[in-house]
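Data first, discussion second: the structure below is written as structure tokens.
The values are calculated or read from the model by the stated rules, or taken from the named source; none is laboratory data. Keep in mind it's a predicted model, so treat the numbers as computed, not measured. Note that each Cβ is placed from the backbone with ideal geometry, even for glycine, and that neighbours are counted across all protein chains shown.
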Amino acid sequence: MNLVGRAIQFARGALLSFGPQAIKRRVWDSEYRRDMWRFRDHTVGDCVYCHLETHTHHGSILDLGCGSGNTATELSDGAYASYLGVDISEAALEKAAQRSAESGRDGKNRFARADFLDWRPPSEQFDVILFRESMYHVPLSKVKAVLNRYATNLKAGGVFIVRVFAANKETAEIKHRPNAMLRLIEDEFDVVEKRRYETSGRPTVIVFRPKEERVKKTG
């Protein structure tokens, strides 16, 4: 990618992390309505699914930054009983709801429009809280606070699952910001498992939960 392309990508990322909600919604809605993310609509067999199937225990999933509903329709139907997907884009959620209906899962898949950085979820608790690439849009200085806030929505024994590209897809060069997020998670939470895959894009999946002493203090 040339310097101009990198600058545009950086500016877009900063806007979607730090910009006003109204602007972020407008950008995401525009991109989804123009099918800019259509190439990501088919991710059957993605590495994150085996981790979800292991830790959901046929229970509940909160998917923060769910996009057009891949997880809600591609994860094994028997792996979970209920699913709540949250996204800032109305266009993405319309597509997600349609895909859920077409797959016969509209009875157990629900969706809510919100910016998960500020969203105050209901008192409902979940077996898994998933950030599938969406952690990129959390400013590094807010990662710990965001995770601590959502930790109150984890069931006893529940886990967070984060999937990120921590290395360059083509060159395997380490990416600073995603790796800083991973280090923070490893320092502040109890890591259950962490794996970097050598499949397309070299994604890393980390599964973790609040440290036991923190749970006792807040429980």
Determine whether Glu102 is surrounded by fewer than 15 Cβ atoms within 10 Å (Cβ to Cβ), of a type outside the set (S, T, N, Q), over 22 Å from His55 (Cβ atoms) and free of Cβ contacts under 8 Å to residues at least 60 places away in the same chain.
yes
Search region 31-50 for residues being of a type in the set (D, E, K, R) and either under 19 Å from Ala79 (Cα atoms) or exposed (fewer than 11 other Cβ atoms within 10 Å of the Cβ) (or both), and hand back the single one that is modelled with the highest pLDDT.
Asp46
Considering only residues that are surrounded by fewer than 23 Cβ atoms within 10 Å (Cβ to Cβ) and modelled with pLDDT of 95 or more, which ones fall in region 78-92?
Gly78, Ala79, Ala81, Ser82, Leu84, Val86
What's the total number of residues in region 134-154 that are within 13 Å of Arg177 (Cβ to Cβ) and either surrounded by 15 or more Cβ atoms within 10 Å (Cβ to Cβ) or modelled with pLDDT of 95 or more (or both)?
5
Counted residues, region 116-133 - those being crowded, with 21+ Cβ neighbours inside 10 Å and not in a strand (DSSP E or B)
1
Residues of region 89-115 being over 24 Å from Tyr150 (Cβ atoms), in a helix (DSSP H, G or I) and out of contact with any Gly (no Cβ under 6 Å at 6 or more places or on another chain), which ones?
Ala91, Glu94, Lys95, Gln98, Ala101, Glu102
Could you look through region 182-210, keep only residues that are aromatic (Phe, Trp, Tyr) and in a strand (DSSP E or B), and pick out the one that is farthest from His51 (Cα to Cα)?
Phe189
With respect to Val86, determine if the residue is in a strand (DSSP E or B) and over 22 Å from Gly201 (Cβ atoms).
yes
Determine if region 155-172 includes at least one residue that is farther than 22 Å from Asp63 by Cα, surrounded by fewer than 14 Cβ atoms within 10 Å (Cβ to Cβ) and modelled with pLDDT of 95 or more.
no
Considering residues that are surrounded by fewer than 19 Cβ atoms within 10 Å (Cβ to Cβ) and not in a helix (DSSP H, G or I), the number found within region 51-77 is 4
